[in-house]
Amino acid sequence: MSKHRLELMFLDELEAEIARSGIAYVPCGLMEWHGPQLAVGCDYLRARALCERIVAQTGGVVLPPMWVGAAGCAAYQGSIIFSGELVRRLAVELLRELEKMGFRLAVFVLGHDGHGQFEVFRAAVAEHGEGRTLRGLVLNTPLLDLGPHAPHAGAWETAECLAACPEAVDLVRFAAPATRLPKREADPEWYKPGLSEYAQRGLERHMSATTTTWEADLAERVTPEYGERLLARDAEALARAVREELSGSCEPRALSGRW
């Protein structure tokens, strides 16, 4: 797997993989508060683990995680969030650089599933434009078979992070199903540029919240085996979307974002 990670590849290995598959995977997340039991890098740690599993099925190159993201839990201690405008600009320039390198498909895999993050990366792909030698694809974690309610830092996310990076999870720290949020003073206006009105409303709603609720049995449900099953199923679904995109069997697509 190490020879699919861009930062570990020698130039001849990189050029050979670009010629062979032409796919660049960009794991995207946020540096964001994820409850008492998860490290703040949970989103991009999960996204990178997914990319490493997808690339084993499709080939390609996994870039270092992109943790500069938009519209997350911006008012909480441990969160570093940026405006949608800045994130879109960064993604557009990354697409330019990947095209320059010779990649033919860039896949943004979003470990953070907020609607604002989703729409910003979709806007970047649109701005990069059609008819280029590099196409862009934005994919969210499918959250397969998890029901209509998968709370932030809930059992599914904790389990996937445990499988992806065990040192980023400490279930002993999970003490109660309801927890007061570690709020910090922050102005919603800082983060709104580049977001739709819908995403702005979601941002305000999250920033005004003071408590959150998790499954009471979270610590009992979370196991490495459960997390690995979720990662494997997510990776298969995402790899299938990439193969469909490459075969031209579907229109350019993205799995729907959540907020």
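Laboratory data are not the source of any read-out in this text; all were calculated from the coordinates shown. None of these values were measured; they are calculated from a predicted model. As a convention, Cβ positions derive from the backbone with ideal geometry for all residues, glycine included, and neighbour counts pool all protein chains shown.
Some points to look at:
- Straight-distance candidates among the lysines for linking to Lys3, with alpha-carbon spacing under 27 Å and chain neighbours fewer than 8 residues away dropped: Lys100.
- Cα-based shape type of the range 2-247, given that a ≥ b ≥ c are square roots of the gyration tensor eigenvalues and the cut on a/c is 1.5: oblate
- The HN-Hα couplings worked out from phi for the range 37-48 by the Karplus form 6.51 cos²θ - 1.76 cosθ + 1.60 (θ = phi - 60°) are 9, 10, 5, 5, x, 3, 4, 7, 5, 5, 4, 5 Hz, whole numbers, x standing for Gly and Pro.
- For Lys192, the aspartates and glutamates whose Cα comes closer than 13 Å to its Cα, not counting residues fewer than 8 places off in the same chain, are Glu85, Glu119, Glu204.
- In this label model, Glu225 and Arg96 are separated by 5.1 nm, measuring between points 7 Å along each Cα→Cβ vector.
- For the chain, the antiparallel share of DSSP beta bridges with both residues in that region comes to about 25%.
- Counting only alpha carbon atoms, the long axis of helix 115-128 and the longest principal axis of the chain meet at about 20°.
- Remark: spin-label model distance Asp170-Leu246 equals 4.1 nm, labels positioned 7 Å along the Cα→Cβ axis.
- Charging the Cβ of each Asp and Glu at -1 and of each Lys and Arg at +1, and nothing else, the dipole of the range 19-116 about its Cα centre rounds to 300 debye.
- Rg ratio for the range 1-120: its Cα radius of gyration over 2.2 N^0.38 Å, N being its residue count, equals 1.09.
- Most positive-pole-ward Cα, Met9, Gly114, Val61, against dipole of the chain from beta carbon charges: Gly114
- Considering only alpha-carbon pairs that sit under 8 angstrom and 6 or more positions apart, the relative contact order computed for the chain is 24 percent.
- The charge dipole of the chain, taken about the Cα centre with unit charges on the Cβ atoms of Lys, Arg (+1) and Asp, Glu (-1), comes to about 240 debye, rounded to the nearest 20.
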